[in-house]
Amino acid sequence: MTDTTYNGWRNHATWAIGLHLMDHVVETIAEDIEAWAANDDDNAAQLFRDLVDEQIELADLPNFGLLMDLLNTSDVDWLSLGRHALDAAGLPVLAFA
């Protein structure tokens, strides 16, 4: 079995998005920590998705071709990113199955 993890993350795409956007998402959560709960991993994951979509939109890339193939986000483990951001913001992480 081939190990496809990358720097402790599920894969390179997840690692790269976390590398570039984690601080921003953690800061966003920490600014209104009372509005968040440890089980808000879906909402935190959505913050990452929205930021990536915003960056792609700002880059004004066509929705096809080589660059969009390289930016394929279907393999990103959004929930892991969301859980990590909640933990880094100081919310206790719940046990996940």
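The values are calculated or read from the model by the stated rules, or taken from the named source; none is laboratory data. In this text, all values refer to a predicted model and were calculated from it rather than measured experimentally. Quick reminder, even Gly has a Cβ in these numbers, built from the backbone with ideal geometry, and neighbours come from all protein chains shown. We work out accessible area using only protein heavy atoms, side chains counted, and drop any ligands, DNA or RNA first. Shrake-Rupley method; radii C 1.70, N 1.55, O 1.52, S 1.80 Å.
Computed values, structure above
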quantity	calculated
Near pairs, Cβ below 9 angstrom, 6+ apart or cross-chain, from the range 71-92 (over 17 Å from Arg10 (Cα atoms) and surrounded by 18 or more Cβ atoms within 10 Å (Cβ to Cβ)) to any residue that is acidic (Asp, Glu) and modelled with pLDDT under 95	Leu86/Asp40; Leu86/Asp41; Leu91/Asp40
All positions within the range 56-72 that are of a type in the set (Gly, Ala, Ser) and not in a loop (DSSP other than H, G, I, E, B)	Ala59
Meets criteria (over 21 Å from Val26 (Cβ atoms), open to solvent by less than 80 Å² (accessible area, probe 1.4 Å) and touching a helix residue (DSSP H, G or I) at 6+ places or on another chain (Cβ under 9 Å)) for Ala59	yes
Residue identified as under 17 Å from the mean Cα position of the chain (by Cα), among the aliphatic types (A, V, I, L, M) and assigned to a loop (DSSP other than H, G, I, E, B) among Ala38, Ala45	Ala38
